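Chemist: Take this structure first; my questions come after.
Any read-out appearing in this document is the output of simple, stated calculations on the displayed coordinates, not a laboratory observation. Predicted model only: the values in this text are computed from it and were never measured. Reconstructed Cβ throughout: ideal geometry from the backbone, glycine too, with neighbour counts over all protein chains shown.
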Amino acid sequence: MYCKEPLEKYLNDAAAGTPTPGGGSVSALASALGTTMASMSVNMTVGRPKFEEVEVLLKDKGKKFEQARIEFLELMHKDMEVYQCVLDAYKLPKVKPDEKERRTEAIQNALKGAMGVPLRLLRRSLAVLEDLAQIVDKVNPNLIGDIAVAAVLAQAGLRGGWINVHANLVYIKDEGLNKKTRTEVDHAVKRAEALFKDIMAKVEGAFTK
């Protein structure tokens, strides 16, 4: 588990000429890093008399950011596992007709599993952006820059999830699943863009006061 090892090892492994960690895993890490800045902004605001009116809201969001960080780290590792399943499926024998059929089925199942991880990443990253949009003007103004960084990283993770969902959908033959998933992720990207724009407008407004 990379979570128990030096960050340098993960970065070196991601940079190496090996399939994993890949873009999906790194995208999950980006969103996880985003939640650290979100949590820090909340934790450095809660407990101060000046922000007593929004303390309940901030504590609630703080718990959500912590839970999201746990899930993102799980997805960071899960992405490597499911991609290995895809690689293993492609290595199955394909000489006899029944072998070809089993191999095709295994590949399709593995691809669906691989697509499911970045889909979860995209959904969770969107939820983080939703929460950030609700507190960007509630936290200590001195920390609004950190909220902005959190939003940038969550947006990066979401976009990475979108890319990896589509990368798998290209090879998935289930047309119904394809259509449904494409509609969901494309809508999520549009929603994320609107949230990010709103967050950054408030950040920029704070910087120009």
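Chemist: Going through the range 23-52 one residue at a time, which ones are β-branched (Val, Ile, Thr) and assigned to a helix (DSSP H, G or I)?
Modeler: Listed by number, the residues that qualify are 26, 35, 36, 42.
Chemist: A further question follows. Examine the range 148-157 for a residue that is farther than 20 Å from residue 69 by Cα and part of a helix (DSSP H, G or I), and state whether such a residue exists.
Modeler: First pass over the range 148-157, keeping only residues farther than 20 Å from residue 69 by Cα: none.
Looking for residues that are farther than 20 Å from residue 69 by Cα and part of a helix (DSSP H, G or I), one finds none in the range 148-157, hence no.
Chemist: Confirm whether residue 72 is among the aromatic types (Phe, Trp, Tyr) and closer than 14 Å to residue 124 by Cα.
Modeler: So residue 72 fits the description; yes.
Chemist: Filter the range 193-209 down to the residues that are of a type outside the set (Phe, Trp, Tyr), part of a helix (DSSP H, G or I) and either under 14 Å from residue 133 (Cα atoms) or without any contact (Cβ under 8 Å) to a residue 40 or more places away in the chain (or both) and list them by number.
Modeler: 193, 194, 195, 197, 198, 199, 200, 201, 202, 203, 204, 205 - these are the residues of the range 193-209 that are of a type outside the set (Phe, Trp, Tyr), part of a helix (DSSP H, G or I) and either under 14 Å from residue 133 (Cα atoms) or without any contact (Cβ under 8 Å) to a residue 40 or more places away in the chain (or both).
Chemist: Checking residue 20 against (1) assigned to a helix (DSSP H, G or I); (2) touching an Asp or Glu at 6+ places or on another chain (Cβ under 9 Å); (3) among the hydroxyl-bearing types (Ser, Thr, Tyr); (4) closer than 20 Å to residue 161 by Cα, only one condition comes out false. Which one?
Modeler: (1)
Chemist: Hey, could you check the range 124-140 for residues that are in a helix (DSSP H, G or I) and of a type in the set (Val, Ile, Thr) and say which is farthest from residue 181 (Cα to Cα)? Outline the logic, then answer.
Modeler: Here is the first cut: in the range 124-140, the ones in a helix (DSSP H, G or I) are 124-135.
Still in the running and of a type in the set (Val, Ile, Thr): 128, 135.
Values: 128: 20, 135: 30 Å.
Top of the filtered list is 135.
Chemist: Among 121, 143, which is the only one that is part of a helix (DSSP H, G or I) and either aromatic (Phe, Trp, Tyr) or under 25 Å from residue 202 (Cα atoms) (or both)?
Modeler: 143
Chemist: Suppose we filter the range 123-166 for residues that are under 15 Å from the mean Cα position of the chain (by Cα), within 16 Å of residue 36 (Cβ to Cβ) and acidic (Asp, Glu); how many remain?
Modeler: Total meeting the criteria: 1.
Chemist: Among the residues of the range 74-108, what is the count of those that are surrounded by 14 or more Cβ atoms within 10 Å (Cβ to Cβ), in contact (Cβ under 8 Å) with a residue 12 or more places away in the chain and part of a helix (DSSP H, G or I)?
Modeler: Matching residues across the range 74-108 total 16.
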